[in-house]
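**Student:** Can you keep this structure in mind? I'll have questions shortly.
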Amino acid sequence: MDGCVCGYARRDMIKNEDIQDKEGVTSVEDKMRKASLRWFGHCDEKMHACLVRRCKRLVVDEFRRARDRPKKH
């Protein structure tokens, strides 16, 4: 199929891999690997941001004062 698109015939006996290399076509496996790595990076950033937000919220909650009456000394 790759050969028909690029102008080669089956009788030329050229391997699909050679045609793909000449035309600069990437394999499906490479595309899937790149997409999964991109998704992993997205999830990693999201987890990092979530961790930072949790720590920030924890620090703020520790320093909040109760809105009750002042303590008697």
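The values are calculated or read from the model by the stated rules, or taken from the named source; none is laboratory data. These figures come from a predicted structure and were not determined experimentally. FYI the Cβ positions are ideal-geometry reconstructions off the backbone, even for glycines, and counts take in every protein chain you see.
**Student:** Take the residues of the range 1-18 that are of a type in the set (K, R) and in a helix (DSSP H, G or I): which is modelled with the highest pLDDT?
**Tutor:** R11
**Student:** Now for a separate question. Does any residue in the range 10-34 that is surrounded by 10 or more Cβ atoms within 10 Å (Cβ to Cβ) come within less than 6 Å, Cβ to Cβ, of a residue that is in a helix (DSSP H, G or I) and not polar (S, T, N, Q) six or more places away or on a different chain, and which pairs are these?
**Tutor:** Every condition considered, the pairs that remain are N16/D2; I19/D2; I19/G3; I19/C6; E23/C6.
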